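The values are calculated or read from the model by the stated rules, or taken from the named source; none is laboratory data. The structure presented is a predicted model; accordingly, all values stated were derived computationally and were not measured. No Cβ is skipped: glycine too gets one built from the backbone with ideal geometry, and neighbour counts run over all protein chains shown.
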Amino acid sequence: MIKLYFITTNRYKFLEAKEFLTKHGIHIEQKTKRYPEIQAENLDDVVKYAIENISDVNNFFIEDSGLFIKALRGFPGVYSKYVYNTIGLEGILKLMNGIKSREAYFISVIGLKIDNKIHIFKGKVEGYISNEIRGDKGFGYDPIFIPRGYNKTFAEDYELKKKISHRKLALEKMAMFLRKLRF
């Protein structure tokens, strides 16, 4: 069985990743370690900078994700965590008040470091912002994000999120890569 560390302080992200990766024969352990995060224009740069500046751990990955709302020119994007912690879901819905085009997408970027080599994996799921907070499962923006082709938020149908989310897609790419490596 493959063993990796997932460096994150977010227990929910860890549990989501652990459930998925275990099915692929990859064992992960959570390492609750803070790492440097830069303010950048895209998640790739944020992840690459962070992973390059973690030198005391081997065989690990980190994940950063963001909600990008098209009508708000990609906001909150790379600032998703900060925006969630400051204005929350209610603030996003207030910003969207009166906006008809509610298209949005989630992006997940995983940075994997094995044998001092960095590999990047991405996942993206399209959808739109609901008019109200719906559901009590999941975390973060799940109660206001409805994936394209569905009528429930990720917080209303957490099983759906586990099947099609941005994070699941990025984890899937990483798992396939690790299996090819026979890590």
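Observations on the structure shown:
- Pairs meeting the criteria (first residue in the range 27-38 and farther than 12 Å from Ile7 by Cα, second residue loosely packed, with under 11 Cβ neighbours inside 10 Å and charged (D, E, K, R), beta carbons under 9 Å, at least 6 apart or on different chains) are His27/Lys3.
- Of the residues making up the range 112-128, those that are of a type in the set (D, E, K, R) and in contact with a strand residue (DSSP E or B) (Cβ under 8 Å, 6 or more places away or on another chain) are Lys113, Lys122, Lys124, Glu126.
- Where strands (runs of 3 or more DSSP E) sit wholly within the range 73-183, those with at least 1 residues that are under 23 Å from Val57 (Cβ atoms) occupy 103-114, 117-129.
- Scope the range 84-133; condition of a type outside the set (A, V, I, L, M, F, W, C) and in contact with a helix residue (DSSP H, G or I) (Cβ under 6 Å, 6 or more places away or on another chain); matching residues: Ser101, Glu103, Ser108, Gly111, Lys113, Lys122, Gly123, Lys124, Ser130
- Phe75 vs. criteria within 15 Å of Thr8 (Cα to Cα) and aromatic (Phe, Trp, Tyr): no
- Single residue of the range 157-167 satisfying the filter (of a type in the set (D, E, K, R) and crowded, with 19+ Cβ neighbours inside 10 Å) that is farthest from Leu15 (Cα to Cα): Asp157
- Positions within the range 55-82 being crowded, with 19+ Cβ neighbours inside 10 Å, over 14 Å from the mean Cα position of the chain (by Cα) and either without any contact (Cβ under 8 Å) to a residue 12 or more places away in the chain or closer than 17 Å to Asp115 by Cα (or both), in sequence order: Phe60
- Candidates are the residues of the range 146-158 that are in contact with a helix residue (DSSP H, G or I) (Cβ under 9 Å, 6 or more places away or on another chain) and hydrophobic (A, V, I, L, M, F, W, C); the one that is farthest from Gly127 (Cα to Cα) is Ala155.
- Every pair of residues 6+ apart whose Cβ atoms lie under 9 Å, when the first sits in the range 6-18 and is within 21 Å of Ile114 (Cβ to Cβ) while the second is among the β-branched types (Val, Ile, Thr) and part of a helix (DSSP H, G or I): Ile7/Ile51
- Residue match in the range 33-42 (condition: in contact with a strand residue (DSSP E or B) (Cβ under 9 Å, 6 or more places away or on another chain) and closer than 22 Å to Lys161 by Cα): no
- Output for the range 104-156, where each listed residue is at pLDDT 95 or above, under 18 Å from the mean Cα position of the chain (by Cα), over 23 Å from Ile51 (Cβ atoms) and surrounded by fewer than 16 Cβ atoms within 10 Å (Cβ to Cβ): Glu126, Arg148
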